[in-house]
1. What do you reckon, is His84 free of Cβ contacts under 8 Å to residues at least 40 places away in the same chain, surrounded by 18 or more Cβ atoms within 10 Å (Cβ to Cβ) and over 12 Å from the mean Cα position of the chain (by Cα)?
2. Filter region 1-41 for residues that are of a type in the set (Ser, Thr, Tyr), touching a residue at least 60 places away in the same chain (Cβ under 8 Å) and surrounded by fewer than 17 Cβ atoms within 10 Å (Cβ to Cβ) and give the result.
3. Out of everything in region 78-101 that is of a type outside the set (Phe, Trp, Tyr) and in contact with a Leu (Cβ under 8 Å, 6 or more places away or on another chain), what residue ends up being farthest from Leu36 (Cα to Cα)?
4. Sort through Val56, Val30 and tell me the only one that's touching a His at 6+ places or on another chain (Cβ under 8 Å) and either at negative phi or of a type in the set (Val, Ile, Thr) (or both).
5. Output the residues belonging to region 50-71 that are crowded, with 19+ Cβ neighbours inside 10 Å and out of contact with any helix residue (DSSP H, G or I) (no Cβ under 7 Å at 6 or more places or on another chain).
6. Condition first: of a type in the set (Asp, Glu) and in contact with a strand residue (DSSP E or B) (Cβ under 9 Å, 6 or more places away or on another chain). Now tell me which residues in region 18-63 satisfy that.
7. Determine which single condition Glu109 fails, assuming it passes every other condition in (1) closer than 21 Å to His28 by Cβ; (2) under 13 Å from the mean Cα position of the chain (by Cα).
8. Testing Ala74 on (1) open to solvent by 20 Å² or more (accessible area, probe 1.4 Å); (2) modelled with pLDDT of 95 or more; (3) in contact with a strand residue (DSSP E or B) (Cβ under 9 Å, 6 or more places away or on another chain); (4) outside any helix (DSSP H, G or I), one condition comes back false. Which one is that?
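The values are calculated or read from the model by the stated rules, or taken from the named source; none is laboratory data. These numbers were taken from a predicted model, which means no experiment stands behind them. All Cβ positions, even for glycine, are placed from backbone atoms using ideal geometry, and neighbour counts span all protein chains on display. Calculation scope for accessible area: heavy atoms of the full protein, side chains included, ligands and nucleic acids excluded. Shrake-Rupley method; radii C 1.70, N 1.55, O 1.52, S 1.80 Å.
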Amino acid sequence: MGIDRHPLSELERSLVTVAGEYGFQLTHVVKYYCELEQPDRGVVVYLDRRRTPANVIAVLIHPETELARLFDLAGATIPADFRHGSNMRRFPKRLHTGKQPITYGYAIECDDSGVFGRLLDRLA
């Protein structure tokens, strides 16, 4: 899973706990992302670990997710465009600015762990 190699911060541990309340399990950890999966529905999201040191809760969701159902989620910033990054192994790839395809998704920022939980509830 990678947790020994890339230990979780206190904020990340608390977010994994919140995710567990909504049926999400920590399935993979790399330097920049924590992969969380809700196995009953097959929903996968990624925590952006580069942003958590600044206490920002950035959650990458699948690029085929219908964003309209999230627009009224108070405390969440919904992006207009995709975020690209490697190691989101369960998301599709496309060519962005480089020569090789790279994974991508929507990066939603949550104001706090309560908003994070409500986001997961809607996705599951």
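1. yes
2. Answer for region 1-41, where residues must be of a type in the set (Ser, Thr, Tyr), touching a residue at least 60 places away in the same chain (Cβ under 8 Å) and surrounded by fewer than 17 Cβ atoms within 10 Å (Cβ to Cβ): just Ser14.
3. Per the criteria, the residue is Pro101.
4. Val30
5. Answer for region 50-71, where residues must be crowded, with 19+ Cβ neighbours inside 10 Å and out of contact with any helix residue (DSSP H, G or I) (no Cβ under 7 Å at 6 or more places or on another chain): Ala58, Leu60.
6. Of everything in region 18-63, those that are of a type in the set (Asp, Glu) and in contact with a strand residue (DSSP E or B) (Cβ under 9 Å, 6 or more places away or on another chain) turn out to be Glu35, Glu37, Asp48.
7. Evaluating Glu109 over (1) closer than 21 Å to His28 by Cβ; (2) under 13 Å from the mean Cα position of the chain (by Cα) leaves (1) as the failure.
8. Result: Ala74 fails condition (3) only.
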